[in-house]
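Let me begin by presenting the structure, written as C-alpha cells, before commenting on it.
What follows is calculated from the coordinates using simple rules that are stated; it is not laboratory data. The shown structure was predicted, so the numbers you read here are calculated from the model rather than taken from an experiment. When we count neighbours, we look across all protein chains shown, and the Cβ atoms used for this are built from the backbone with ideal geometry, even at glycine.
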C-alpha cells in the first residue's frame, strides 16, 4: 500500500512513521502542526479517533532530531498496547524501544533506560526510578502522557511532569475529557506546563466525517411494588438520622434521599475535626447511620434488591461493628426491609431495570455489548441473571475484587475472539485497557462523572455505528445524575475554550515582552 501524499507535508515528522495505508485525517494533521507550533499541548479528542498517532508523530519529530522520547500510560495493559502499536508503526529498531513495567527487574530497566531512544512505561515505574536516581530525563525532548486527566494530586504523572518542566521538555497530554471544573483543568494545565489546547468534538468540521454515528437511548424505568414497599421502610430511618444532624447544626437538608454522596463524605471529613468528644461521638453516631441507610436506599432504588440485600449482609458479617451500625441493624424497619428483600429474591423478583437490560440485549443477539454497572454486587447479579436467560455474559472487575491482570487479559482476549458476547464491567472497563469496540454500550445506571461518562460511551461507534442505552430509575438519583453528566460535558467544552483563550493571551504577552 502507498502513503497518502498529504502526510508528506509533515516533513521530517513523518520520517520515522510507517504511514502506508494509514488514512489521512485532517484533524490529526492539524493537531500535529499545532503542537509543533505552540509547544506543550493538551489534546482533547473523543475516544477512538487516533490520539496515539498524534503522540507518535511528535515523538518521531523529536527522535529524528537526536532527542529521546517517553510515552506514558496509566496501566500495564495500556502500556503493552502502546508498545505493540509503536512496534508496528514506527520505523525504529526494536532494541531502540523499551517497554518498562514494574515487573521488569531494576538492573534490566536501568540498562534499557540508558540505551532506548523511546521508552514506553507506566508512570509509577518511571517516577520510582527517578526518585532512586537510577534514571534521568536529561536528554528527553518529549513526553506523551496518555489519559493525562490523571495528572493531579499525588499521582505519579505529577512528579514526572515537574521533572520535565525543569528541562523545558515538550509535553503532550492526551485525553477524551479533562473534567468540567475550571480549577481541575487549570491544575492539569499547570502541572503539564501546557501552552496550548487542541480540543475537538464529534461535530467539528475536520472531525465529523470520521465519526461513526452513535445513538443514545434513555430508558425510563418504573419502581416495582416490592422496591416501593422496602423503600418505605428505609425512609423513616434515614429521616431520623438526618433530623438529628440538622438539630446539631451539622446539616441543613430536608430529604435524606436527595443528599449527594459527595456531601455525606465531606461531612464525615469535617466531623473528624470536632474537638468536643461527646458532641463528636453523637454526631458520628447519627452520621454513620445516615451514610449506611442512604447507601442501602440508593442501592435498592437504582441497582436492585440483590445489591441492597448483599450490602446489608456485608454490614452484618463485619467482625467489628460500630455502635451506630449495630443500632441500625437492630432497627425494626431495617429488619423488616431485610426480610422482605430476601422473600422477594426467593420469588425471583428484581429491579425492573434487569428485565429492560435483558430485553435490550436480546434485540442485539449475535452482536457484542458492554454493560457498565457501578457495584460488584450488581455485576455479579447481572451476569447470573443474563446467563439464566440465555445471554452469554462474563464479568470484568478489578484487582480489588481479587482478579489478577492475567485473568483480566484472558477475559478481554476471549471477548475479542467472540467466545462470549456480553461483557459486564465495573469502572475498570472505562479506561486503560485494550477493549475492542462494540455494537452496544448499556449503562445500568447514569453516572455524574463526565470523564467516565465520555469514556463509557467511547467503547462503541469506533469503526461502525453503535448504540448507547442508559437505564434511569424513575424518581431516584438516577434522574439527577443523568442531567448532571450532560451539563458537565457541556461545561467542559466551554471551559476548555475559555482556558485556551487565556493561554493564547499569555503567549502573546510573553512574545511582546521578548520583543521589548
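Quick one: in region 110-157, what % of C-alpha pairs are over 16 Å apart? Cα-Cα pairs in region 110-157 separated by more than 16 Å: 40 percent. When peptides 337-347, 57-67 are ranked by their average number of other Cβ atoms within 10 Å per residue, the highest-first order is 57-67, 337-347. Most tightly packed first, judged by the mean number of other beta-carbon atoms within 10 Å of their residues, the peptides 68-75, 157-164 read 68-75, 157-164.
Of the peptides 299-309, 22-32, 112-122, the order by per-residue mean of other Cβ atoms within 10 Å, starting with the highest, comes out as 299-309, 112-122, 22-32.
Evaluated over the Cα positions of region 5-210, the convex hull gives a direction-averaged projected area, one quarter of its surface, of 11.0 nm². Taken over the alpha carbons of region 275-373 as equal point scatterers, the Debye sum produces base-10 log I(q)/I(0) values at 0.12, 0.16, 0.25 Å⁻¹ of -0.53, -0.78, -1.31. Arranged from fewest to most other beta-carbon atoms within 10 Å of their beta carbon, 483, 351, 149 become 483, 149, 351.
For the chain, the Kirkwood estimate of the hydrodynamic radius, built from every pair of different alpha carbons, is 25.4 Å.
Compared with the dominant Cα axis of the chain, that is its longest principal axis, helix 76-89 is turned about 30°.
Per-residue ellipticity at 222 nm computed for the chain from its helices equals -16000 deg cm²/dmol, with DSSP H segments shorter than 4 residues left out and the rest contributing -39,500 (n - 2.57).
Between the helical axis of 225-247 and the longest alpha-carbon principal axis of the chain there is an angle of about 80 degrees.
With r defined as the distance between the Cβ atoms of residue 266 and residue 510 and R0 fixed at 45 Å, what FRET efficiency is calculated, to the nearest 0.05? For residue 266 and residue 510, the calculated efficiency is 0.70.
Helix 305-317 and the longest principal axis of the Cα set of the chain meet at an angle near 80°. Semi-axes of the equivalent ellipsoid of region 225-346 are 26, 15, 12 Å, computed as sqrt(5λ) over the eigenvalues of the C-alpha gyration tensor in descending order.
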